[in-house]
Amino acid sequence: MVKSLLMAVNKTLTNDDFGKLLLRLAVGGLMLFHGMHKAIDGVGGIAGMLAAKGLPGFIAYGVLVGEVLAPILIILGILTRPSALVLAFTMVVAWLMVGTGKTFALDAVGAWAIESLVYFFVGALAVAFLGAGRYSVVSDPVWK
């Protein structure tokens, strides 16, 4: 009885393509909020952090690629794997810029201080390995 119920639940919920869509919407959609904040308010704060580390401030505009363009492409299922790798790289850079000192720390509510960076990094890697799936705005698998 329990086994047949579990088999029925497993059969009903088996839809890899829909799971890929949900993952793309979560990773791309949530990151897009971070990117839109920078697109609206500017990248001056990031440029200042880069300058403090001896790097040219214009590199800050790369965050718009990693946090706006890449998430939009991930959500739409266009160039999904390369876009996910760009997002993952962006999270590594963010960790190097602001997270290295927090790697072994907890925040005020007891969560891992860099958990959002890790979530987006691992989520982007999962999207890169899984691809877009069937639900994409493009039909040619080369562009997915």
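Between the Cα long axis of helix 2-13 and the first principal axis of the chain there is an angle of about 60°, rounded to the nearest 10. Each Lys and Arg contributes +1 and each Asp and Glu -1, all at the Cβ; summed about the Cα centre of the chain, the dipole is approximately 300 debye. For the chain, the longest principal axis of the Cα atoms and the long axis of helix 115-130 meet at an angle of about 50 degrees.
Ranking Leu64, Thr80, Ala111 by Cα position along the charge dipole of region 2-144, where only Lys, Arg, Asp and Glu carry charges on their C-beta atoms, puts Thr80 farthest toward the positive end. Taking every lysine pair in the chain that is 8 or more places apart or spans two chains, those with Cα atoms closer than 21 Å amount to 5. Could you list log10 I(q)/I(0) for region 16-139 at q = 0.12, 0.17, 0.20 Å⁻¹, which the Debye formula gives when each Cα is one point scatterer? Calculated log10 I(q)/I(0) at the listed q: -0.46, -0.86, -1.08.
Values in this text are rule-based calculations from the coordinates and carry no lab data. Keep in mind that what you see is a predicted model, and the values were worked out from it rather than measured. Cβ: placed from backbone, ideal geometry, glycine included. Neighbour counts: every protein chain shown.
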